[in-house]
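The values are calculated or read from the model by the stated rules, or taken from the named source; none is laboratory data. Just so you know, these numbers come straight off a predicted model, no measurement behind them. Please note: Cβ atoms are built from the backbone with ideal geometry, for glycine as well, and neighbour counts cover all protein chains shown. Keep in mind that these areas ignore ligands, DNA and RNA; they rest on the heavy atoms of the full protein, side chains included. Shrake-Rupley method; radii C 1.70, N 1.55, O 1.52, S 1.80 Å.
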Amino acid sequence: MIDPQRTRLLNNRNDVHGPVIYWMSRDQRVQNNWALFFAHRKAETLQQPLVVVFTLAPSFLGAPLRHYDFMLKGLQEVEIRLRELNIPFFLLQGEPETELPGFIKKLKAGAVVTDFSPLHISRTWKKTVGNTLLQIPLYEIDAHNIVPCWIASDKQEFAARTFRPKITTLVKEFLTEFPKLAPLDSAHENIPVAWDEIYKGLNADPSVQPLDWLKPGENAAKECLENFLSERLRSYSVKRNDPNTEALSNLSPYLHFGQISAQYCALRASRSNAPEADRSAFLEELIVRRELSDNYCNYNDLYDSFDGLPAWAKETLRQHTADKRTYIYTSEEFAQGRTHEELWNAAQLELVTTGKIHGYMRMYWAKKILEWSETPREAFDTAIALNDRYALDGRDPNGYTGVAWSIGGLHDRQWFERSVYGRIRYMNASGCARKFNVKLYIARFGREGLFSS
Ligand code: FAD
Ligand code: FO1
C-alpha cells in the first residue's frame with residue numbers, strides 16, 4: 001500500500017475515464033518507485049492502460065553530454081523493464097510545457113501522475129502543465145525521499161540538529177517494504193523509442209565527455225549498492241573521511257537520476273551485518289543529510305543563489321569582502337585546476353576526470369573557492385557552476401545545499417572570526433594532512449598523476 005501522505009493533488013480535478021500517464025522525471029526507475037506504483041494502482045482500479053512518458057529537455061540546466069549519456073542509458077533500461085510489465089514507454093524531445101499537453105490530449109488520458117523534485121525548473125514545469133489540465137487531475141508523489149518532503153517538515157530547517165529528531169521519528173513510519181508490480185493486462189500501443197534518433201537530436205555540450213567507470217542504470221545501481229554493503233560499509237565510520245580509501249558508496253549519481261531508491265538503500269543497509277556504528281553513520285548521510293537538502297531547496301526559493309544564505313553568514317561575508325586575498329582566480333582558472341595549490345588542483349582534476357570529488361575533499365574544494373575568489377558571491381556562483389558542469393551527481397538539492405553549507409554557513413554554526421571567511425568555518429591543507437595522506441591523493445589525481453600513465 002502507498003501511504004496517502006506521500007501523494008498530493010496539484011490541481012483540483014477528479015479522475016476521468018482514460019489511460020493513466022506517469023510523467024517520469026526525477027525517479028528514473030521501475031523498481032521501488034512509489035510514483036510508478038501509484039500510477040499502476042490507479043490504472044488497475046480504473047481498468048485503464050498505463051503509459052510512462054519522459055520529456056527530454058534540450059538543455060536541462062546546462063547539463064553536458066556526460067549527464068545526458070548516463071541518464072539516457074538508464075532510461076533505455078527503464079523502457080525494457082516497463083515492457084516486461086506491459087507498460088509502454090514514450091520519450092518526448094522538448095520542453096514538457098510544449099510537448100506534454102498535446103501528448104495527454106492525444107491519449108485522451110484520465111489522470112496524470114508525476115514524481116517530486118524541489119528544484120525551480122521542475123516546479124515551473126508542473127505548474128504550467130497543471131494549468132493546461134482543465135479536466136483531469138495531476139498527482140505528485142514523493143518517490144525520492146523516504147519521508148515525503150512536505151511531511152518531514154513544513155518549514156526550512158535551521159540545522160541537522162533541528163531536523164534529525166523530526167525525521168528520525170517519521171522514518172519509523174515511512175521506511176516500509178515496497179510492493180511488487182504485476183504486469184498489466186490492458187497494454188496501450190507500444191512503439192519502441194528510436195534511441196539513435198534521440199542521440200542525434202541531442203544538443204548537449206560534448207566537451208564534458210561521458211564516463212566509463214560507473215555503469216548507468218537500475219541493474220548497475222543495485223550492483224553498486226550490494227558491493228558497497230558487502231565490501232565497504234564495515235569501514236564507513238572510520239574511513240569515510242580518507243579520500244585515498246574506497247570507503248564510500250558511490251551511490252550519489254544513481255540517487256540523483258533516481259536509478260535507485262534511497263528507501264531501498266536504507267532498508268538494505270539497516271539489515272546489513274556491518275557494525276552498528278557504520279550502519280548509522282551511513283544512514284545519517286543517506287537519510288538526515290540528504291533529506292535535509294530537499295528541505296532546504298523546497299522551502300528556500302533562493303537555494304541556488306548567494307542571497308538564500310542565512311542572514312548571519314551574508315553579513316559576516318559582507319564585512320570581509322574587502323579583505324585582502326592572497327590569491328584570486330577566475331572561474332576558468334579554477335575549472336582547469338590551475339591554482340598555486342596542488343591539493344586543490346588534484347580535487348578539481350578528480351572532479352573533471354571522474355565526475356566526482358570525494359565527500360571530504362568536496363568541502364575543502366568549495367571553501368578554497370571562497371578564499372581565492374574576488375567576492376563571496378562570485379565564489380558561490382563558481383562552485384555551483386563547476387559542480388553542475390562536471391559532477392555526475394550535480395544539479396541536485398545536495399549540491400546546492402553542499403555549496404551553501406561550505407561557503408555560506410548553511411546548517412552550520414558560527415566560528416571564530418578570521419580574514420575573508422568571517423565567521424564561516426575554515427579549512428586548510430594542514431587539516432587535510434592530519435586526516436589523510438595528501439601526497440598520495442595528489443599523486444593519484446594531480447596533474448602529474450593523472451597525465452603520466
Ligand atoms: P556516501 O558517503 O556513500 O553517502 C551516501 C549517500 O548519502 C550519498 O549518495 C548522498 O545521497 C547522501 N549524502 C552523503 N553525504 C551527504 C551530504 N553531505 N549532504 C547530503 N547528502 C549526502 N551530493 C550530491 O548528491 N550531489 C552534489 O552535487 C553534491 N555536491 C556537493 C558539493 C559540496 C561543496 C559538498 C560539501 C557536498 C556535496 N554533496 C553532493 C554531498 C556529498 O558530498 C555527496 O553526496 C557524496 O560525496 C556522494 O558520494 P557517495 O554517494 O559515495 O557518498
Ligand atoms: N529531468 C527531466 O524530466 N528531463 C530531462 O531532460 C532531464 C535532464 C537532466 C539532465 C541532467 C541532470 O542532472 C538531470 C536531468 N533531469 C531531467 C532531472 C533530474 O532527474 C532531477 O529531477 C533533478 O536534477 C532534481 O534532482
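Summary of values
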| item | result |
| --- | --- |
| Mean Cβ count within 10 Å, highest first, over the residues of peptides 143-152, 191-200 | 143-152, 191-200 |
| Straight-distance crosslink candidates among lysines, where the alpha carbon sits under 29 Å from Lys200 and sequence neighbours closer than 8 are dropped | Lys73, Lys105, Lys106, Lys126, Lys215, Lys356 |
| Relative contact order %, the stretch 306-451, counting alpha carbon pairs below 8 Å whose residues are six or more apart | 33 percent |
| Counted charge near Ser272, where neighbours are those whose Cβ lies closer than 9 Å (Asp, Glu -1; Lys, Arg +1) | +3 |
| ³J(HN,Hα) computed for each position of the stretch 17-34 - Karplus, 6.51 cos²θ - 1.76 cosθ + 1.60, integer Hz, glycine/proline x | 5, x, x, 9, 10, 9, 8, 7, 9, 7, 10, 8, 8, 9, 7, 6, 10, 5 |
| Percent of alpha-carbon pairs separated by more than 34 Å within the chain | 34 percent |
| The chain, relative contact order [Cα under 8 Å, separation at least 6], % | 18 percent |
| Among beta bridges that DSSP assigns inside the stretch 4-144, antiparallel share in %, nearest 5 | 15 percent |
| Taking the C-alpha atoms of the stretch 4-144, convex hull volume expressed per residue in Å³ | 103 Å³ |
| Over the stretch 352-444, equivalent-ellipsoid semi-axes from the Cα gyration tensor in Å | 20, 18, 12 |
| Accessible surface ranking that places the most exposed of Val53, Val171 first, with a 1.4 angstrom probe | Val171, Val53 |
| Space enclosed by the convex hull of the alpha-carbon atoms of the stretch 29-97, per residue, Å³ | 101 Å³ |
| Whether the stretch 225-345 is rounded, prolate or oblate, judged on the alpha carbon gyration tensor where a/c under 1.5 counts as rounded | prolate |
| ³J(HN,Hα), Karplus 6.51/-1.76/1.60, whole Hz, each residue of the stretch 98-113, x for Gly, Pro | 8, 8, 6, x, x, 4, 5, 5, 4, 7, 6, 5, x, 6, 10, 10 |
| Long-range HN-HN contacts of Gly110 with modeled amide H, under 5 Å | Gly18, Val20, Ile21 |
| Peptide ranges 369-377, 75-83, 119-127 listed from the most packed, as the mean C-beta count within 10 angstrom indicates | 369-377, 75-83, 119-127 |
| Nearest 10 degrees, 0 to 90: helix 376-390 Cα axis against the chain principal axis | 50 degrees |
| Net charge, Arg66 excluded, C-beta distance under 13 Å - Lys, Arg +1, Asp, Glu -1 | -1 |
| Part-to-part distance (alpha-carbon centres) for the stretch 207-243 and the stretch 103-152, which is given in Å | 31 Å |
| Estimated vicinal HN-Hα couplings, Hz - the stretch 169-176 in sequence order (Karplus 6.51, -1.76, 1.60; Gly, Pro = x) | 5, 6, 4, 4, 7, 9, 7, 10 |
| Degrees separating the helix 65-84 axis from the principal Cα axis of the chain, which is the longest one | 30 degrees |
| Taking all pairs of distinct alpha-carbon atoms in the stretch 104-225, Kirkwood radius in angstrom | 19.3 Å |
| For the stretch 1-147, accessible area per residue (1.4 Å probe, heavy atoms of protein chains only), Å² | 37 Å² |
| The stretch 426-445 and the stretch 14-57: distance between their alpha carbon centers, rounded to Å | 48 Å |
| 222 nm mean residue ellipticity, helices alone, for the chain (DSSP H n ≥ 4; -39,500 (n - 2.57); rounded to 500) | -14000 deg cm²/dmol |
| 19 Å Cα-Cα reach of Lys324 towards lysines, excluding residues that sit fewer than 8 places from it in its own chain | Lys314, Lys367, Lys368 |
| Around Tyr360: net Lys/Arg minus Asp/Glu count, Cβ-Cβ under 9 Å | +2 |
| The chain, accessible surface, carbon-and-sulfur percent (1.4 angstrom probe) | 52 percent |
| Rel. contact order, % - alpha carbon contacts under 8 angstrom, at least six apart, the stretch 218-299 | 33 percent |
